[in-house]
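Report on the following structure.
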Amino acid sequence: MQVAPSILSADFGILAQEVKAICDGGCDLVHVDVMDGHFVPNLTIGPVVVSAVAKAATKPLDIHLMVENNSFFVDLFAPLKPKYISFHIEEEKHPHRLIQKIRSLGISPAITLNPHTPPEAIEFLIEDLDMVLLMSVNPGFGGQKFIPNVIERAKRLKEIIKKRNPNCLIEVDGGVNDKNIQALKDAGVDIVVAGSYVYGNDNYAYAIKSLQI
């Protein structure tokens, strides 16, 4: 299991140190939540701050867009060369076009599904994706309670992936901890995003390792 700690739960007063700490602690990716205050009721960070994160990070960035006007935000963050950029299918009118744009910029395209969106909604996009991000909380704020039906959704998504694109990864974001990690792995999840669990632990390396099962 790969682990992508979300910097949303970090101490922004010492953000560079917090990013370096999770990289030194053995994380696989650095998860960056970009919120615009429109698609979700929260406002987070823009490219100036994420540029500083990229400089501090020794692991690849995993940028999760929770925004309106996805293409505009892709242009903003593409120069930072993250490994992944994910966007919400619920917001995008032309997902295939945006997937092609992200890939043309040398970045792995990913789609995010809110808790109510069935995996079948993106069945015919799977072959063009490198990753699907399943939300296990409602997007917008860290520290929320895990929604258990993500396990069933991950299993259904895994079946579609096997048929359409076995190389596509599944990521889960929200309320992940050492209590539900085994169920997520059993459901076919490849990457987990963990913010509160990692940054709420006194030992980041221990928290990260406890999820890398």
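Only the coordinates and a few stated rules stand behind these numbers; no lab work does. Please read these numbers as outputs of a predicted model, since none were measured by experiment. Cβ atoms come from the backbone with ideal geometry, glycine included; neighbour counts cover every protein chain shown.
Figures for the structure shown
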read-out: Cross-link reach list, lysines versus Lys163, counting only Cα pairs under 23 Å and skipping chain neighbours closer than eight places; value: Lys155, Lys185
read-out: Förster radius 30 Å - calculated FRET efficiency between Phe72 and Ala121 (Cβ-Cβ, nearest 0.05); value: 0.80
read-out: Within the chain: Cβ-based charge dipole about Cα centre, in debye rounded to nearest 20 (Lys, Arg +1; Asp, Glu -1); value: 400
read-out: Cut-off 20 Å, label 7 Å out along Cα→Cβ of Ala52, residues of the range 182-213 by amide N; value: 199
read-out: Likely footprinting exposure, Ser136, Ser104, fewest C-beta neighbours within 10 Å first; value: Ser104, Ser136
read-out: Residue among Ser196, Pro139, Ile181 farthest towards the positive dipole end of the range 2-211, charges placed on Cβ; value: Ile181
read-out: Between the range 131-159 and the range 14-75, the alpha-carbon center distance in angstrom; value: 19
read-out: Helical mean residue ellipticity (222 nm; -39500 (n - 2.57) per DSSP H run of 4+; nearest 500) of the chain; value: -9500 deg cm²/dmol
read-out: Exceeding the 22 Å Cα-Cα cut-off - candidates Lys55/Lys101; Lys81/Lys209; Lys59/Lys101; Lys59/Lys81; value: Lys55/Lys101; Lys81/Lys209; Lys59/Lys101
